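Have a look at the structure below, then the notes.
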Amino acid sequence: MFSAFAVEGLEGKEKGKFTGQKLAPLAKDNFESFKDDEYFTHVTVDGDPASLADPLPAYWFDYKDEILTLNFTLPFKRPAKAKELKIEIHDPAYYIDFELVKQAPAHLIGAGVV
């Protein structure tokens, strides 16, 4: 539903195809509004809530197969050493569906086996 609603009224050179430039204002509006909901991302480190930093400035929308995908990077505020790391990404209203990219959805820096 979100994808259909978000691109309603947008016009591309080909029906159902939009350039990154055409989607940029839409990405900006949505990305800024997601901040109020903490980007729908909740992280715990060994059972305790972890603080996340502001997202990196590079973000964009892709539109393929009638699905609008917002791509962005959301780093930790400080490095976290954990035995258990849980990341929950969801919209409690079930309006927006979330799925991590299949290849390299997360990148850990300095992660080692203890």
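Structure data summary
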| read-out | value |
| --- | --- |
| Number of positions in the stretch 80-104 that are more than 16 Å from Val7 (Cβ to Cβ) and either polar (S, T, N, Q) or surrounded by 10 or more Cβ atoms within 10 Å (Cβ to Cβ) (or both) | 13 |
| Among (1) loosely packed, with under 11 Cβ neighbours inside 10 Å; (2) within 17 Å of Ala106 (Cβ to Cβ), the one test that Thr69 misses | (1) |
| The stretch 27-51, residues that are of a type outside the set (Phe, Trp, Tyr) and closer than 19 Å to Glu99 by Cβ | Ala27, Asn30, Asp37, Glu38, Thr41, His42, Val43 |
| The stretch 7-25 residues that are at positive phi and basic (Lys, Arg), paired with ones that are surrounded by 11 or more Cβ atoms within 10 Å (Cβ to Cβ) and modelled with pLDDT of 85 or more (beta carbon under 9 Å, 6 or more apart) | none |
| Long-range neighbours under 7 Å by Cβ, at least six apart or interchain, first residue farther than 30 Å from Ser3 by Cβ within the stretch 26-50, second of a type in the set (A, V, I, L, M) | Val45/Ala80; Val45/Ala82; Val45/Leu85; Asp46/Ala82 |
| First in the stretch 54-79 and closer than 15 Å to Lys28 by Cβ and of a type outside the set (Phe, Trp, Tyr), second anywhere and at pLDDT below 90 and not in a strand (DSSP E or B), Cβ under 6 Å, 6 or more apart | Pro55/Phe72; Pro55/Leu74; Leu56/Thr73; Leu68/Ser3; Leu68/Ala6 |
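The values are calculated or read from the model by the stated rules, or taken from the named source; none is laboratory data. Remember, it's a predicted structure, so these values are computed and weren't measured experimentally. All Cβ positions, glycine included, derive from the backbone under ideal geometry; neighbour counts span all protein chains shown.
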